[in-house]
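Readers should treat all values here as calculations from the given coordinates under stated rules, not as data from a laboratory. As the structure is a computational prediction, the values presented were derived from the model and not from experiment. Cβ placement follows ideal geometry from the backbone for every residue including glycine, while neighbour counts extend to all protein chains displayed.
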Amino acid sequence: MHAHSTTHRTTSTTSTTTRTLRTLGLGATALVLTAALAACGEQSAPDPESAATSPSSETSEVTSAVVVGDPWVRATKGTEDPSMTGAFMTLDNPGAEPVTLVSASSSVAGTTELHEMAMLDGAMSMQAVDDGIVLEAGRGKVLEPGGFHVMLMGLRDAPAPGDEVDLSLVFSDGSTQDLVVPVKAFTEEEGHYHAPGTGDHDH
Ligand SMILES: [Cu+2]
């Protein structure tokens, strides 16, 4: 029993040493990641749009790596269902890590969801993207009619062309972007947002 006890103690000491080294290794990795993130933040800091929105009291403390381009909301005034619409834009991730658009919100909508149009049983229909819209490192996605979109439901007023809609985007890196989005008319393929489409949308 004595020999066994000695062996046990030796194993235990080795195990503790290994654990200490592992902890140090993780610490070093975390430091490198933090430095990389800080570098990304500095790159996007001079963006004039970010600078313009920074005086807002609700501005996120985390600088977003994602670049939002050409956002617009489809006008619904006078349409068959003015209570819901889509917001569209380009999202580009110039950073070295993937970033996910995890949620969105707007004061004009009761509910805001992330959706995509997809072929389901031979027909185009839209569905919620529960895991968010993933932007791979150095890549982006286009949110457009017939594809990914931010769904605004329970609209308090039907947005008309020329109106502006506030839209906040929340990303997985902890950043948010508060946008003021112009409303534009969109008449092609009305069925994209209502009944499943006919499937004749050729590109
Ligand atoms: Cu939708």
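Candidates MET119, VAL165, ALA137 compared by Cα position along the dipole of the range 64-193: farthest toward the positive end lies VAL165, with charges placed on Cβ. If R0 equals 35 Å, the separation of the Cβ atoms of THR187 and MET119 corresponds to a calculated FRET efficiency of about 0.90. Here is the size of the range 64-193 from its Cα atoms: Rg then Dmax, 14.2, 44 Å. Taken one residue at a time, the phi angles of the range 170-186 give Karplus couplings (6.51, -1.76, 1.60, θ = phi - 60°) of 10, 10, 5, 7, x, 8, 10, 10, 9, 10, 10, 10, x, 9, 10, 6, 9 Hz. Gly and Pro are set to x. Here THR90 and VAL62 are evaluated by their C-beta separation; at R0 = 25 Å the FRET efficiency comes out at 0.75.
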